[in-house]
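I am attaching a structure below and will ask some questions about it afterwards.
Every number here is computed from the coordinates shown, using simple stated rules; none is lab data. Quick caveat, the model's predicted, so the values are computed rather than measured. For neighbour counting, all protein chains shown are included, and Cβ atoms are generated from backbone atoms with ideal geometry for every residue, glycine included.
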Amino acid sequence: MATPASTSPTGLPPASGGATVVPCLLVDDMPAALAFYIDALHLRLVWASDAADAPVSVSDAARRADVAFGMLRGASGAEVMLQLRATLVTSDYLPAEAVAASPPVGSPFTLYIRTGVDVDAAAAALPPSVEVLVPPRTMPYGARELALRDPAGHVVVLTRPAADN
């Protein structure tokens, strides 16, 4: 039986303008993760909740230790979600094996964040606590990139497309 064009195989309507992939990174130290993504990368925390799913004020940096889940957005619209691993282990949201301890260093993927900012200036403004894996460089395809490691060990690459250089 053919699926009508107006719905997906799941029966849900298709996303307007196509699908958007938003990574959700499991972290073990939420305050450190928030400091990295907010203070170092200048993403904006647009929603946060505690372990009981109650909203946490996103304007109160002192409440970062209360955050169990956060949605962040960059000026370019790039989004990333952070989930405190310990809260998933004690919930029924995902099976336990899906939230097992992370590998010793990060995860098996690299998070690329396309940005319109000057990656050289971004690198110069990073706090000393941020681990720079590869300083800004121009890739063969023309993009200017800066590779970092977040506090949970994930590799994060800030990339400015070639057309913006």
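Work out the charge dipole of region 24-164 with +1 on the Cβ of Lys and Arg and -1 on the Cβ of Asp and Glu about the Cα centre, then indicate which of PHE109, VAL46, VAL27 is farthest towards its positive end.
PHE109
Need one number: nm distance between label points at SER57 and VAL21, each 7 Å from Cα along Cα→Cβ, rounded to one decimal.
3.8 nm
Also, I was wondering about something else. Residue by residue through region 42-57, what is 3J(HN,Hα) from phi via Karplus (6.51 cos²θ - 1.76 cosθ + 1.60, θ = phi - 60°)? Round to whole Hz and write x for glycine and proline.
Along region 42-57, the couplings run 6, 6, 9, 6, 9, 7, 8, 9, 8, 5, 9, 6, 7, x, 10, 4 Hz.
So, one more: Please sort 67-80, 114-127 by packing, taking for each peptide the average over its residues of neighbouring beta carbons within 10 angstrom, highest first.
Output ranking for 67-80, 114-127: 67-80, 114-127.
A follow-up question, please. Check ALA143: other-chain or 5+ apart residues with amide H under 5 Å from its amide H, H built from backbone geometry?
ALA162
Between region 131-165 and region 22-67, what is the C-alpha centre distance in whole Å?
After rounding, the separation between the Cα centres reads 23 Å.
Let me ask something additional. Can you list residues from other chains, or at least 5 along the same chain, whose modelled amide H is less than 5 Å from the amide H of TRP47?
For TRP47, the qualifying residues are MET71.
Measure of size requested: the Rg and Dmax of region 24-164, with Cα atoms as the atom set and Å as the unit; please supply both.
15.5, 47
Ok, one more. What residues qualify as long-range amide H neighbours of ARG114, i.e. H under 5 Å apart, gap of 5 or more or another chain, H built at 1.01 Å from N?
Residues meeting the amide H criterion: THR159.
Which percent, to the nearest 5, of DSSP beta bridges fully inside region 24-164 are antiparallel?
If I count the DSSP bridges inside region 24-164, around 70 percent turn out antiparallel.
If packing is taken as the mean number of other Cβ atoms within 10 Å per residue, what is the order of 26-32, 55-61, highest first?
Listed from highest to lowest mean packing, they are 26-32, 55-61.
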